Ligand SMILES: NC(=O)c1ccc[n+]([C@@H]2O[C@H](COP(=O)([O-])OP(=O)(O)OC[C@H]3O[C@@H](n4cnc5c(N)ncnc54)[C@H](O)[C@@H]3O)[C@@H](O)[C@H]2O)c1
């Protein structure tokens, strides 16, 4: 008993001869635990988050700091998530062009053609000096590192698993990005000092089965028609919680069917263009009893203006280091175009621009998450953001088609 010191750490090596032997049970327990550790380490499935490539990259810190530099002291410093997505690339480029400091983050997932994301990076971001970190918003060490390097005034959160129909194929991806990822981001942002203001993309899909038109922010949003819509609605409630408990200033923007150059290949205007050019038959949806399907198509430049003005009008967060110090701004605002256009009209504009007659078949809209009609009331956006969309569908599609033909190989029809 005398050999065992009474106070841990106070060994006197001269007096203490280690005669201690492991009891047999402890030895077996240790061997067993080591075995379990190795089995877990080598056989567990790979993490679903992107590899932390960024932490090892040399020069990464300086590139982030350089990209975050503002033209003047009055400019904002913005972290844009989903920066190589359709809206993210346009928004990040516009912020940078006007003098804001901008850093992007994107996990380059393969929901659609990854080359398109890389080309947006090359043409819209690299060219304008926006550095993009290749990482997932669920990656805590990366996010902590980025927020440690740069004092962001705003976060423009656009990273999400988009698309309504894909939610029936891969529901998990919606939970991982739109719920887990959003909470992860807010957890880190709320604990900063000072806390940045957050502007993020919700969606018109939260109106779900609402039939009152035009859709106003005061209308009910408790009847989502898809898991995508449900995750966006959940995001709005989660945002409210972080505003309420931690004093984060949060603005949620409900985008209505955004289209334009560098757009998303999973959206109808995009794949109709491809199929019309390839002389393939396109399916035109109609609602029950031959009801017309229509969308409030909103041109990308109008959406970007809305995002920038949401950033400019965002009030400061009131909390610091995870503690609320007072009431903070909380907004939910529609960003649409206020003029729904039927799918038939969309196709006839494309036919005119592409100079090709579409082969069409009319089919009943399947019940897989789409809603028959969207129409935005934008009075609040006008009041809060001075938002005034200026591009009608024909003008916007003209720009899209020009981009599409350039991007997919000029006039060579085989490469469309
Ligand atoms: N385009 C529209 O019509 C529309 C309509 C309503 C709402 N929205 C919302 O606007 C935002 C931008 O949409 P978009 O059309 O640019 O979509 P997008 O798919 O082109 O862009 C999203 C980007 O986020 C990235 N991303 C996804 N999950 C991520 C994660 N976990 N970590 C890091 N990056 C991740 C993707 O790689 C992609 O580049 C999304 O939140 C979307 O839900 C878009």
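The values are calculated or read from the model by the stated rules, or taken from the named source; none is laboratory data. This one's a predicted model, so the numbers in the text were calculated from it and none came from an experiment. Please note: Cβ atoms are built from the backbone with ideal geometry, for glycine as well, and neighbour counts cover all protein chains shown.
Observations on the model:
- Some residue of the range 218-236 being assigned to a strand (DSSP E or B) and either closer than 19 Å to residue 298 by Cβ or within 12 Å of the ligand (Cβ to nearest atom) (or both): no
- Within the range 204-217, the only residue that satisfies the criterion of being free of Cβ contacts under 8 Å to residues at least 60 places away in the same chain, surrounded by 15 or more Cβ atoms within 10 Å (Cβ to Cβ) and in a loop (DSSP other than H, G, I, E, B) is 210.
- Some residue of the range 96-113 being free of Cβ contacts under 8 Å to residues at least 12 places away in the same chain and farther than 26 Å from residue 197 by Cα: yes
- For the range 73-102, the set of residues classified as under 24 Å from residue 145 (Cα atoms), away from the ligand (no atom under 12 Å from the Cβ) and not in a loop (DSSP other than H, G, I, E, B) consists of 77, 78, 93, 95, 96, 101, 102, listed by residue number.
- Subset of the range 103-155 (residues that are on the phi > 0 side of the Ramachandran plot and within 9 Å of the ligand (Cβ to nearest atom)): 108
- Checked against (1) modelled with pLDDT under 95; (2) more than 9 Å from the ligand (Cβ to nearest atom); (3) buried (at least 17 other Cβ atoms within 10 Å of the Cβ), residue 55 passes all but condition (3).
- Given (1) surrounded by fewer than 12 Cβ atoms within 10 Å (Cβ to Cβ); (2) modelled with pLDDT of 95 or more; (3) touching a strand residue (DSSP E or B) at 6+ places or on another chain (Cβ under 9 Å), index of the condition residue 363 fails: (2)
- Candidate set: the range 390-401, residues that are in contact with a strand residue (DSSP E or B) (Cβ under 7 Å, 6 or more places away or on another chain) and within 8 Å of residue 299 (Cα to Cα); chosen: the one surrounded by the fewest Cβ atoms within 10 Å (Cβ to Cβ): 391
- Residue in the range 238-251 that is touching a helix residue (DSSP H, G or I) at 6+ places or on another chain (Cβ under 6 Å), within 22 Å of residue 156 (Cα to Cα) and within 11 Å of the ligand (Cβ to nearest atom) present: no
- Taken as a whole, the condition of being surrounded by fewer than 16 Cβ atoms within 10 Å (Cβ to Cβ), at pLDDT 95 or above and closer than 20 Å to residue 81 by Cα applies to residue 172.
- The residues listed here are 294, 310; of these, the one that is in contact with a strand residue (DSSP E or B) (Cβ under 9 Å, 6 or more places away or on another chain) and either surrounded by fewer than 23 Cβ atoms within 10 Å (Cβ to Cβ) or within 30 Å of residue 409 (Cβ to Cβ) (or both) is 294.
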